[in-house]
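In what follows, a single structure is set out as structure tokens and then discussed.
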Amino acid sequence: MSTLSRSHGAKITAVVAAIAALIAVSTTALAGDRYELRAHDADVYGKYALLDGNIDVSIERLEKRLAGARAHSFRAPLLINLCAAYTMKRDFVKAEERCDAAIENGWNAKMAYNNRGIMHVARGDYLAAVDDFEAAAGGRESGLYGKHLLQARNRVDQGDGDTRLARASGIDAAAVGMAAD
């Protein structure tokens with residue numbers, strides 16, 4: 001089930017059933033895990049296509065606007081929404097690039113950390129997800145980002161996300177078969 005909203009603070013709610021394509025790379029996903037990608041509420045070209053589920057159209061529009069965006073504060077919502085869109089598309093290379101750029105931008109970094117954490121969940125790297133959810137939650141275990149943090153920690157405690165060996169050795173997770181397409 002997926003809920004899409006255009007209200008202020010627009011969000012894309014993704015539950016396991018709705019993001020099966022995202023979490024399909026992780027065979028260990030629990031039915032009760034729920035992660036919520038966030039779309040920035042700024043009225044940027046491509047946002048409504050994203051909220052309507054038109055991911056390719058959204059990416060095309062957001063990338064076009066990003067290419068012409070000069071202002072630091074205007075780039076942030078575009079990068080955050082591109083991070084979410086590429087994650088939904090399962091293009092994890094581009095998702096990570098856009099998530100990283102949104103975090104480096106610094107404007108609303110918590111939302112960017114959340115979306116990058118969900119990208120890590122989709123790849124099955126729960127240790128990396130914990131790191132990002134900790135940054136998003138800011139030390140709190142309440143609220144949306146805190147909920148994501150607790151879910152990812154539980155997955156690590158259960159022995160999921162074996163990419164910790166790949167991360168510790170500097171090996172790309174894809175090289176050890178933890179990410180699949």
Inset, instruction - Confirm whether Ala84 is surrounded by fewer than 24 Cβ atoms within 10 Å (Cβ to Cβ) and either out of contact with any Pro (no Cβ under 7 Å at 6 or more places or on another chain) or in a helix (DSSP H, G or I) (or both). - result: no
Legend entry - Filtered residues of the range 104-115 (kept if among the hydrophobic types (A, V, I, L, M, F, W, C) and buried (at least 24 other Cβ atoms within 10 Å of the Cβ)): Met111, Ala112
Inset, instruction - Answer yes or no: is there a residue in the range 64-79 that is at pLDDT 80 or above, over 20 Å from Glu104 (Cβ atoms) and out of contact with any Ser or Thr (no Cβ under 9 Å at 6 or more places or on another chain). - result: yes
Legend entry - Per-region count, the range 51-76, residues in contact (Cβ under 8 Å) with a residue 40 or more places away in the chain and in a helix (DSSP H, G or I): 1
Inset, instruction - Say whether the condition of being small (Gly, Ala, Ser), crowded, with 18+ Cβ neighbours inside 10 Å and closer than 21 Å to Leu149 by Cα is met by at least one residue in the range 63-76. - result: no
Legend entry - Residue in the range 91-98 that is in a loop (DSSP other than H, G, I, E, B) and within 27 Å of Ala137 (Cβ to Cβ) present: yes
Legend entry - Single unsatisfied condition, Leu144 versus (1) surrounded by 24 or more Cβ atoms within 10 Å (Cβ to Cβ); (2) within 15 Å of Asp33 (Cβ to Cβ): (1)
Legend entry - Qualifying residues in the range 77-96 (those that are of a type in the set (A, V, I, L, M) and in contact (Cβ under 8 Å) with a residue 40 or more places away in the chain) - the one farthest from Arg123 (Cα to Cα): Ile80
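Tell me whether the range 139-155 contains one or more residues that are under 12 Å from the mean Cα position of the chain (by Cα), hydrophobic (A, V, I, L, M, F, W, C) and modelled with pLDDT of 90 or more.
No: the range 139-155 contains no residue that is under 12 Å from the mean Cα position of the chain (by Cα), hydrophobic (A, V, I, L, M, F, W, C) and modelled with pLDDT of 90 or more.
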Inset, instruction - Return the residue satisfying two criteria in turn: it lies in the range 88-139 and is β-branched (Val, Ile, Thr) and in contact with a strand residue (DSSP E or B) (Cβ under 7 Å, 6 or more places away or on another chain), and of such residues it is farthest from Arg155 (Cα to Cα). - result: Ile118
Inset, instruction - Check the range 136-148 and report whether any residue there is within 21 Å of Pro77 (Cα to Cα) and not in a helix (DSSP H, G or I). - result: yes
Inset, instruction - Find the residue count for the range 152-161, including only residues that are part of a helix (DSSP H, G or I) and over 14 Å from Met119 (Cα atoms). - result: 5
Inset, instruction - Please indicate, with yes or no, whether at least one residue in the range 35-50 is among the small types (Gly, Ala, Ser), surrounded by fewer than 23 Cβ atoms within 10 Å (Cβ to Cβ), at pLDDT 85 or above and assigned to a loop (DSSP other than H, G, I, E, B). - result: no
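The values are calculated or read from the model by the stated rules, or taken from the named source; none is laboratory data. Predicted, not measured: the structure shown is a model, and the values here were computed from it. As a convention, Cβ positions derive from the backbone with ideal geometry for all residues, glycine included, and neighbour counts pool all protein chains shown.
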